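Starting off with a structure, shown below.
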Amino acid sequence: MRCSFFLHTAFPASAVWASLPWSRALLRGVLAADVVGFHTPDYARHFASAAVREVGAVASAAGVARRGHLTRVAAEPIGVDFAALAAAARAPKLKFKAPAGGGGAGAAADALERALE
């Protein structure tokens with residue numbers, strides 16, 4: 001299974017992050033994802049720096065590596081790529097599935113999901 005994570009808030013500078021009580025545990029958890037996204041390149045850089053300083057990860061242009069696992073780090077502005085969503089809705093491979101117990105159906109197509117392809 002592939003996993004992506006997008007942080008919808010700012011990621012602080014690594015020195016600020018290090019002051020949080022569970023900073024290392026949170027970083028280890030997020031680094032288990034295949035792709036991690038942030039709103040700006042600065043937030044992505046803060047994350048990579050914190051991972052290096054706090055849990056001994058290795059940062060490169062490819063992403064952040066720790067214990068044999070590479071996590072791609074992406075800077076993607078918030079928003080929906082409406083052209084991609086409309087194209088995906090027209091594609092024959094897109095399937096909608098109603099949740100158990102009734103209710104609506106949904107689909108998403110964003111930059112992090114495309115990065116997993």
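The values are calculated or read from the model by the stated rules, or taken from the named source; none is laboratory data. On a predicted model such as this, the values are computed, not experimentally measured, just so you know. Positions of Cβ are generated from backbone atoms using ideal geometry, with glycine treated the same way; all protein chains shown enter the neighbour counts.
Considering only region 34-70, state which residues are part of a helix (DSSP H, G or I) and surrounded by fewer than 21 Cβ atoms within 10 Å (Cβ to Cβ).
Looking only at region 34-70, we keep the residues that are part of a helix (DSSP H, G or I), and these are 41-55.
Matches in region 34-70: PRO41, ASP42, TYR43, ARG45, HIS46, SER49, VAL52, ARG53, GLU54, VAL55.
Does at least one position in region 93-107 carry a residue that is under 16 Å from the mean Cα position of the chain (by Cα) and either modelled with pLDDT of 75 or more or outside the structural domain of PHE11 (by TED's automatic domain parsing) (or both)? Reasoning before the result, please.
First, pick out the residues of region 93-107 that are under 16 Å from the mean Cα position of the chain (by Cα): none.
Checking region 93-107: not a single residue is under 16 Å from the mean Cα position of the chain (by Cα) and either modelled with pLDDT of 75 or more or outside the structural domain of PHE11 (by TED's automatic domain parsing) (or both).
Can you find, within region 71-84, the residue that is nearest to ALA13 (Cα to Cα) among those that are out of contact with any His (no Cβ under 7 Å at 6 or more places or on another chain) and part of a loop (DSSP other than H, G, I, E, B)?
If we take residues in region 71-84 being out of contact with any His (no Cβ under 7 Å at 6 or more places or on another chain) and part of a loop (DSSP other than H, G, I, E, B), then GLU76 is nearest to ALA13 (Cα to Cα).
Please enumerate the residues belonging to region 7-33 that are β-branched (Val, Ile, Thr) and surrounded by 14 or more Cβ atoms within 10 Å (Cβ to Cβ).
If the condition is that a residue be β-branched (Val, Ile, Thr) and surrounded by 14 or more Cβ atoms within 10 Å (Cβ to Cβ), then VAL30 is the only one that fits.
Turning to a different aspect of this structure: Kindly provide the set of residues from region 7-31 that are in contact with a strand residue (DSSP E or B) (Cβ under 7 Å, 6 or more places away or on another chain) and either of a type outside the set (Phe, Trp, Tyr) or not assigned by TED's automatic domain parsing to the domain that holds ARG67 (or both), ordered by number.
If the condition is that a residue be in contact with a strand residue (DSSP E or B) (Cβ under 7 Å, 6 or more places away or on another chain) and either of a type outside the set (Phe, Trp, Tyr) or not assigned by TED's automatic domain parsing to the domain that holds ARG67 (or both), then LEU7, VAL30, LEU31 are the ones that fit.
Let me ask something else about it. What are the pairs with Cβ atoms under 7 angstrom where one residue, in region 1-17, is closer than 18 Å to GLU54 by Cβ and the other, located anywhere, is acidic (Asp, Glu) and surrounded by fewer than 12 Cβ atoms within 10 Å (Cβ to Cβ)? Sequence gap at least six, or different chains.
none
ASP34 passes all but one of (1) touching a residue at least 60 places away in the same chain (Cβ under 8 Å); (2) farther than 25 Å from ILE78 by Cβ; which number fails?
All conditions are met except number (2).
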